[in-house]
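The values are calculated or read from the model by the stated rules, or taken from the named source; none is laboratory data. Model, not experiment: these values are computed from the prediction. Here Cβ is always computed from backbone atoms with ideal geometry, including for glycine, and neighbour counts include all displayed protein chains. Side chains are part of the model used for accessible areas, which takes the heavy atoms of the whole protein and leaves out ligands, DNA and RNA. Shrake-Rupley method; radii C 1.70, N 1.55, O 1.52, S 1.80 Å.
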Amino acid sequence: MTSNQRLMERREQAVARGVANLHPLFAASADNARIIDADGREYIDFASGIAVLNTGHRHPQLMAAVRRQLDSFTHTCFHVMGYESYVELAEKLNRLTPGAFPKKSLLVNTGAEAVENAIKIARSYTGRPGVIAFDGGFHGRTLLTMGLTGKVMPYKKGFGPMPAGIHHAAYPNALHGISVEDALRSLEDRLRFDIEPEAVAAMIVEPVMGEGGFYVAPPAFLRGLRDIASRHGIVLIADEVQSGFGRTGRMFAVEHAGVEPDLITMAKSLAGGFPLAAVTGRAEIMDAPHAGGLGGTYGGNPVAVAAALAVLEVLESEGLLDKAERIGQRSLERLRPLQQSCDTVAEVRGLGAMIGIEFMREGVPAPDMVQAVVSRARDQGLLLLSCGMHGNVIRLLAPLTIPDEDLERGLAMLADAITAQEKAGLQPA
Ligand SMILES: Cc1ncc(COP(=O)(O)O)c(C=O)c1O
């Protein structure tokens, strides 16, 4: 029995079943875009711990910043005694997020917590209860964010009742026949049939849908949301938890559309593997809740904040936004020909280095193909992640710091796995 198998047996005895494992592997060590498992096998990492490692595993600058922080203090609770780095990170996020208006920030621990707080802030500012979210969107696993999430399996099944006041509209999806006009009409319908606009506090949207399948919202859709939100005094929240921090070639994906949201939620690659999340937005909205209404014991932990400040430096000093563009271009160049050569590859799409490959068979989503390709690629030494409303999309989230040779090797392994699986048809890998 291998070490991975032994650990998997212990894990099955000790860890709750609901916490799924996407790969039957356990990590031993990792460096930049490579990770070594408990049996000493090396993998190229195209998963980045679900979009957390835009700056790679254990970037030396991050590690140095964290070590320095460990030697001074690791926790005070910002409410009990403040520290400069929290304020500095807030100042930086206020500057980096789109919009020239005055902004303020709040630091928390996870993406879900950032989303929960954005909704609390929007409700406090508007005095309204309602929230609009989108079909297929993912915003987290806590009660409120589960309610906002637009997919039943595996996120909502058996966990109801869902929180009140949430309404879902369609998200544009050209491949599946939903145009920008259809999606905006669906939103107008919600405001006509379900809830009056004067009762809606916020609309929350992913500029590139992440868990739902790496669908890029056309700029016209995001501009349409901005117009509707402004017209009705609704707070527009861009959930950039997965698409943020350079992944799409801009610091935030919403910038591609030239849209300025009122609030932005961030997490994942913000702190390169340390738990940290943030809400940044218009100062008058952020300041609506009374003193003591926001926060938490660990929010803005100083070790995670030190990592985040280093992430921001590395993104700039290593030109990682441009690198994201180059990774994206190269990935499309290498993988788009599969649309012609493999019947099941329906679309290779993306924004910057946020690339999705969608599999269909005769117009029907083909999640079996995704599972087989993911396991074939793993056997060759490439770690992949799936996503999608039907589980039929492979998403590429290589660290933006990945060396060219690792990127090329990874893309070659992926193309080989897809081609081999296409030839094998429905046989499992
Ligand atoms: C767009 C989006 N929002 C929120 C979340 C929730 O983040 P967390 O898992 O840190 O709670 C995720 C996680 O995948 C996400 O992709």
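General remarks:
- When the test is whether a residue is in contact (Cβ under 8 Å) with a residue 60 or more places away in the chain, in contact with a helix residue (DSSP H, G or I) (Cβ under 9 Å, 6 or more places away or on another chain), within 16 Å of the ligand (Cβ to nearest atom) and open to solvent by 10 Å² or more (accessible area, probe 1.4 Å), residue 113 passes it.
- In the range 165-192, the residues that are more than 25 Å from the chain's Cα centre (by Cα) and open to solvent by 60 Å² or more (accessible area, probe 1.4 Å): 181, 185, 192
- Residue check, residue 80 away from the ligand (no atom under 16 Å from the Cβ), open to solvent by less than 20 Å² (accessible area, probe 1.4 Å) and among the β-branched types (Val, Ile, Thr): no
- Subset tally (residues that are within 9 Å of the ligand (Cβ to nearest atom) and either part of a helix (DSSP H, G or I) or in contact (Cβ under 8 Å) with a residue 40 or more places away in the chain (or both)) for the range 213-241: 2
Quick grid of which residues meet (1) surrounded by 12 or more Cβ atoms within 10 Å (Cβ to Cβ); (2) outside any helix (DSSP H, G or I); (3) modelled with pLDDT of 95 or more:
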| residue | (1), (2), (3) |
| --- | --- |
| 5 | yes, no, yes |
| 8 | yes, no, yes |
| 11 | yes, no, yes |
| 18 | no, yes, yes |
| 23 | yes, yes, yes |
| 30 | yes, yes, yes |
| 36 | yes, yes, yes |
| 39 | yes, yes, yes |
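A quick yes/no check of all residues on (1) buried (at least 24 other Cβ atoms within 10 Å of the Cβ); (2) modelled with pLDDT under 95; (3) of a type in the set (Asp, Glu); (4) within 16 Å of the ligand (Cβ to nearest atom):
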site: 261; (1), (2), (3), (4): yes, no, no, yes
site: 279; (1), (2), (3), (4): yes, no, no, yes
site: 283; (1), (2), (3), (4): no, no, no, no
site: 287; (1), (2), (3), (4): no, no, yes, no
site: 290; (1), (2), (3), (4): no, no, no, no
site: 296; (1), (2), (3), (4): no, no, no, yes
site: 308; (1), (2), (3), (4): yes, no, no, yes
site: 311; (1), (2), (3), (4): yes, no, no, yes
site: 346; (1), (2), (3), (4): no, no, no, no
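- Residue check for residue 361: in contact with a helix residue (DSSP H, G or I) (Cβ under 8 Å, 6 or more places away or on another chain), among the charged types (D, E, K, R) and open to solvent by 10 Å² or more (accessible area, probe 1.4 Å): yes
- The range 41-52, subset assigned to a strand (DSSP E or B) and of a type outside the set (Ser, Thr, Tyr), residue nearest to the ligand (Cβ to nearest atom): 45
- Subset of the range 388-418 (residues that are under 19 Å from residue 349 (Cβ atoms) and either open to solvent by 50 Å² or more (accessible area, probe 1.4 Å) or not assigned by TED's automatic domain parsing to the domain that holds residue 358 (or both)): 389, 390
This table checks each residue for (1) of a type in the set (A, V, I, L, M, F, W, C); (2) under 23 Å from residue 33 (Cα atoms).
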{"site": "347", "(1), (2)": "no, no"}
{"site": "378", "(1), (2)": "no, yes"}
{"site": "411", "(1), (2)": "yes, yes"}
{"site": "415", "(1), (2)": "yes, yes"}
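- Selection status of residue 100, more than 19 Å from residue 292 (Cβ to Cβ), away from the ligand (no atom under 16 Å from the Cβ) and not hydroxyl-bearing (Ser, Thr, Tyr): yes
- Answer residue from the range 116-127, given it is closer than 23 Å to residue 269 by Cβ and of a type outside the set (A, V, I, L, M, F, W, C) and is least open to solvent (accessible area, probe 1.4 Å) among those: 117
- The range 128-138, subset within 15 Å of residue 118 (Cα to Cα) and open to solvent by less than 10 Å² (accessible area, probe 1.4 Å), residue farthest from the ligand (Cβ to nearest atom): 130
- For residue 270: the one exception among (1) surrounded by fewer than 20 Cβ atoms within 10 Å (Cβ to Cβ); (2) assigned to a helix (DSSP H, G or I); (3) not acidic (Asp, Glu): (1)
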